[in-house]
Ligand code: CA
């Protein structure tokens with residue numbers, strides 16, 4: 001099949017076709033492609049993919065300063081500093097492959113590959129020293145916490161059942177108010193208070209911002225506060241050192257990451273990793289460039305490095321080795337670390353074929369592994385747009401979801417101008433975009449695509465291909481955006497609109513996603529791009545839980561409502577079109593019925609009304625005996641009151657949900 005061809009191309013490039021096929025124990029041809037070290041107590045074998053003569057892509061030789069291409073393996077006692085204790089000239093083992101075998105037990109040592117372009121830990125180091133410039137030789141089994149073999153993924157019947165909580169390790173736990181011991185560390189998520197908070201909120205998937213080894217935080221200076229989101233990849237297949245209790249000991253970060261996964265899994269919470277294959281921290285210092293210059297990066301027609309990532313470079317997923325690298329990397333996280341899903345940063349930089357291959361392979365590994373991504377790039381890519389995994393092409397990528405910026409911006413206002421509001425600000429005109437988000441980005445007879453903000457065609461085939469959200473780590477968080485777009489907003493109005501926004505998200509048919517801390521009414525002091533802002537901007541203030549108890553209470557009840565009622569997560573486009581019907585409503589009001597739910601939900605008919613007006617609004621409902629479960633900022637599934645239908649008043653800036 002298609003996948004086979006990918007590896008055949010990659011293997012042919014490396015001139016090692018025969019040898020790879022003769023290695024039957026790998027469970028996949030690709031697995032050994034990036035096995036840069038094979039450790040045993042007797043010897044360690046090192047392998048590196050790098051040109052042996054002529055660059056397969058550019059046609060240029062990799063000669064530097066008149067030398068023939070060569071790779072030297074250097075062994076060190078430490079992860080940084082000091083001289084190599086051993087150097088070994090690697091031998092060619094294929095057209096573009098090098099190997100060396102070093103006898104003896106090297107556990108605890110560090111290594112680099114020294115090419116004519118500089119030293120590197122390689123492209124697929126599985127353990128590294130402090131700051132990730134040297135690979136580490138360890139026995140991965142030493143990193144497994146007690147009980148790791150018994151760790152299992154929490155069950156997941158449909159992606160529609162996910163409730164995703166996007167968090168940054170430091171935001172979550174760094175403040176004294178968190179009461180957590182391991183501040184800013186993976187281990188914070190093993191602490192009872194953290195787990196109790198997530199369980200009480202009701203989320204069942206934690207999406208952790210980049211947690212692979214990134215470059216921008218100096219791991220040797222952790223006594224000084226340093227902050228970064230982590231979108232500057234250095235080693236894709238090793239946990240970040242600054243989130244461990246000891247970045248110098250290569251075993252520690254791996255074990256602590258696994259402890260975190262294990263603890264979340266025990267609590268029934270899946271773990272989703274934010275992956276950033278679209279670019280590297282820099283070009284010259286990257287493992288990609290130091291092993292195989294220019295192979296892994298796209299260039300423009302005039303020979304410059306393309307910058308579709310907005311970070312100075314862009315990788316080339318369509319090339320066999322890069323494609324295989326992404327696939328093997330995700331498979332590695334899913335198997336070695338038991339990761340349950342991936343959020344693909346700037347997925348629009350990658351090509352459709354690669355994303356489909358990855359989706360196919362991960363599904364083979366475990367059908368519950370879930371992939372979603374940003375369906376855009378941050379600049380123009382040096383690859384044909386019709387082949388890129390942008391949101392408009394989601395229809396060509398079954399099983400992969402994309403973020404709905406349509407829904408996000410219909411609620412809060414456009415990404416391009418923080419001062420502009422939309423539905424939440426009581427401005428009419430975005431109702432149709434919101435409706436498009438409510439159905440999950442699919443075609444629906446009552447959604448007029450000509451009036452939707454960004455997309456003129458439905459882009460999802462199934463509602464499980466849409467991530468529904470109103471805020472994420474990017475841009476202003478919800479509170480800041482409400483303040484920026486509604487001048488003079490009063491505190492009670494802020495809370496009302498915050499709850500209304502999340503009601504739209506959590507009752508919509510896509511997959512709900514929230515930014516960590518929204519449940520405690522977080523703000524970022526108005527900072528839009530807080531990627532390297534100090535803790536004082538990014539941290540969660542846990543004291544807000546007592547300041548605004550109604551916010552957490554409402555969020556948790558809202559999530560419970562979704563979890564208890566399959567009507568809010570029908571899961572297929574066909575069911576959404578059959579059971580979801582929009583009702584006539586005033587401007588700045590969206591109302592819909594989930595109807596004829598016999599056999600699907602304990603409630604036969606549900607009505608949801610979202611009123612963003614500063615005044616109460618009246619909707620006309622069919623006569624009947626209704627039980628109100630959400631009204632004016634309060635939720636009680638047992639019922640707040642009953643209503644006979646007909647003309648019903650909905651309080652200002654709030655949601656009304658009732659059933660019969
Ligand atoms: Ca790092």
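The values are calculated or read from the model by the stated rules, or taken from the named source; none is laboratory data. Since we're looking at a predicted model, the values are computed, not measured. Cβ: placed from backbone, ideal geometry, glycine included. Neighbour counts: every protein chain shown.
Quick notes
- Note on segment 96-116: among residues that are surrounded by fewer than 17 Cβ atoms within 10 Å (Cβ to Cβ), assigned to a loop (DSSP other than H, G, I, E, B) and at negative phi, the one that is nearest to the ligand (Cβ to nearest atom) is 107.
- Residue 230 being under 23 Å from residue 181 (Cβ atoms), in a loop (DSSP other than H, G, I, E, B) and either more than 16 Å from the ligand (Cβ to nearest atom) or out of contact with any strand residue (DSSP E or B) (no Cβ under 6 Å at 6 or more places or on another chain) (or both): no
- Members of segment 543-561 that are under 24 Å from the mean Cα position of the chain (by Cα) and either modelled with pLDDT under 95 or surrounded by 21 or more Cβ atoms within 10 Å (Cβ to Cβ) (or both): 555, 558, 559
- Residue within segment 158-178 that is within 16 Å of the ligand (Cβ to nearest atom) and at positive phi present: no
- Some residue of segment 605-612 being under 32 Å from the mean Cα position of the chain (by Cα), under 19 Å from residue 494 (Cα atoms) and in a loop (DSSP other than H, G, I, E, B): yes
- Residue count, segment 245-259 (criterion: within 10 Å of the ligand (Cβ to nearest atom) and in a loop (DSSP other than H, G, I, E, B)): 1
- Any hit, segment 562-578, residues being surrounded by fewer than 17 Cβ atoms within 10 Å (Cβ to Cβ) and touching a strand residue (DSSP E or B) at 6+ places or on another chain (Cβ under 7 Å): no
- Where a residue in segment 213-227 is in contact (Cβ under 8 Å) with a residue 24 or more places away in the chain and its partner, wherever it lies, is assigned to a strand (DSSP E or B) and within 8 Å of the ligand (Cβ to nearest atom), with Cβ under 7 Å and at least six apart: 213/234; 213/235; 214/234; 215/234
- Checklist (1) part of a loop (DSSP other than H, G, I, E, B); (2) without any contact (Cβ under 8 Å) to a residue 12 or more places away in the chain; (3) within 16 Å of the ligand (Cβ to nearest atom) applied to residue 181, failing item: (3)
- Count of segment 275-285 residues which are out of contact with any helix residue (DSSP H, G or I) (no Cβ under 6 Å at 6 or more places or on another chain) and surrounded by fewer than 23 Cβ atoms within 10 Å (Cβ to Cβ): 4
- Set 278, 235: member being within 16 Å of the ligand (Cβ to nearest atom), more than 30 Å from residue 193 (Cα to Cα), touching a strand residue (DSSP E or B) at 6+ places or on another chain (Cβ under 9 Å) and not in a helix (DSSP H, G or I): 235
- Just one of the listed residues (429, 421) is surrounded by 24 or more Cβ atoms within 10 Å (Cβ to Cβ), closer than 30 Å to residue 495 by Cβ and at pLDDT 95 or above, namely 421.
- Some residue of segment 197-208 being within 16 Å of the ligand (Cβ to nearest atom) and touching a strand residue (DSSP E or B) at 6+ places or on another chain (Cβ under 7 Å): yes
- Verdict on residue 416 being surrounded by fewer than 23 Cβ atoms within 10 Å (Cβ to Cβ) and at pLDDT below 95: yes
- Comparison of 210, 192, 154 shows that the only residue that is surrounded by fewer than 19 Cβ atoms within 10 Å (Cβ to Cβ) and either within 17 Å of the chain's Cα centre (by Cα) or in contact (Cβ under 8 Å) with a residue 40 or more places away in the chain (or both) is 154.
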